[in-house]
Amino acid sequence: MLKHRVKELLEVALQEDESIFLIDLAITLDNKINVVIDGDNGVTVKDCVRVSRAIEHNLDREEEDFSLEVASAGAASPLVMPRQYKKNIGRKVEVETENSSYEGNLTVANDESITLEWKAREPKPIGKGKVTVQKKKEIPFSEIKKAKVVLKF
């Protein structure tokens, strides 16, 4: 019952600003509500407060006691939705598939797949030494097991 009501309230809150979207909703047995949101242009504290208030002010603590936490997907959080990839075009991304892992610049993200590009050193076709080549790999979302943005400091 509580989860259904929270989902309804979340939908209404997220419709107010369509650039903000839900990543995860979890409710524990002791009614701890955890909401993780992301946004096409990032998420501000104001966005988290707005979503939190939309839920908290419409639930009755007399009916069910609960705790609520609304947070943004952190910089080190894995990418889980195609919409998250689209907002990270141009950034370096690390992707794991069943058989391989790739690290490159995210150049394309659509509803079916992503494309990574990177430079690699390979042996020359003729003679000794290595040459730098441009690599490109299209990876369907169905093959991605884990992906995250590579942070540079």
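The values are calculated or read from the model by the stated rules, or taken from the named source; none is laboratory data. These numbers come from a predicted model, not from an experiment. Counting neighbours? That spans all protein chains shown, and the Cβs are built from the backbone with ideal geometry, glycine included. Heads up: the accessible areas ignore ligands, DNA and RNA and are worked out on the full protein's heavy atoms, side chains in. Shrake-Rupley method; radii C 1.70, N 1.55, O 1.52, S 1.80 Å.
Ordered by packing density, taken as the mean number of other Cβ atoms within 10 Å over each peptide's residues, highest first, how do 144-153, 129-138 rank?
Numbers: 144-153: 12.8, 129-138: 10.5.
Highest to lowest by the protection proxy: 144-153, 129-138.
For Ile114, the residues 5 or more places off, or on other chains, whose built amide H falls under 5 Å of its own are Ile139, Phe141. Here the contact order of the stretch 46-153, divided by its residue count and restricted to Cα pairs under 8 Å and six or more residues apart, works out to 26 percent.
Along the positive direction of the dipole of the chain (beta-carbon charges: Lys, Arg +1; Asp, Glu -1; about the Cα centre), which of Leu2, Leu116, Thr44 reaches farthest? Ranked along the dipole, the leading option is Leu116.
Please state the charge dipole magnitude for the chain, taken about the Cα centre, from unit charges on C-beta atoms (+1 on K and R, -1 on D and E), reported in debye and rounded to the nearest 20. Walk me through the numbers before you get to the answer.
Details: 25 positive and 27 negative charges, 325 e Å.
My answer is approximately 1560 debye.
Phi-derived couplings, Karplus 6.51 cos²θ - 1.76 cosθ + 1.60 at θ = phi - 60°, listed residue by residue for the stretch 88-101: 9, 4, x, 9, 7, 10, 10, 10, 10, 10, 4, 10, 8, 9 Hz, with x used for Gly and Pro.
Looking at this model, which pairs from Lys92/Lys136; Lys92/Lys124; Lys7/Lys32; Lys32/Lys146 are more than 20 angstrom apart at the alpha-carbon?
From Lys92/Lys136; Lys92/Lys124; Lys7/Lys32; Lys32/Lys146, over 20 Å: Lys92/Lys124; Lys32/Lys146.
Accessible area per residue for the chain, computed on protein heavy atoms with a 1.4 Å probe, is 65 Å². Each residue of the stretch 109-124 was assigned a 3J(HN,Hα) from its phi angle through the Karplus expression (A = 6.51, B = -1.76, C = 1.60, θ = phi - 60°), giving 9, 10, 6, 10, 7, 10, 10, 10, 10, 7, 9, 9, 9, 10, x, 4 Hz with x at Gly and Pro. Projected label points at Ile27 and Lys152, each 7 Å from Cα along the beta carbon direction, are separated by 4.4 nanometres.
In units of the rule-of-thumb radius 2.2 N^0.38 Å, the stretch 36-106 shows an alpha carbon radius of gyration of 1.51. 3J(HN,Hα) along the stretch 135-150, derived from phi through the Karplus expression 6.51 cos²θ - 1.76 cosθ + 1.60 where θ = phi - 60°, amounts to 10, 8, 9, 8, 10, x, 4, 5, 9, 7, 8, 7, 8, 8, 6, 8 Hz, with x in place of Gly and Pro.
Separation of the stretch 1-58 from the stretch 69-98 is 18 Å, based on Cα centroids.
Ordering of 56-65, 42-51 by packing is 42-51, 56-65, highest average first (other Cβ atoms within 10 Å, averaged per residue). Here the accessible area of the chain is 48 percent carbon and sulfur, with a 1.4 angstrom probe and all protein chains present. Just so you know, the averaged projected area of the alpha carbon convex hull for the chain sits at 12.0 nm².
The stretch between Met1 and Gln134, if pulled fully straight at 0.36 nm per residue, gains 42.5 nm over its current Cα-Cα span.
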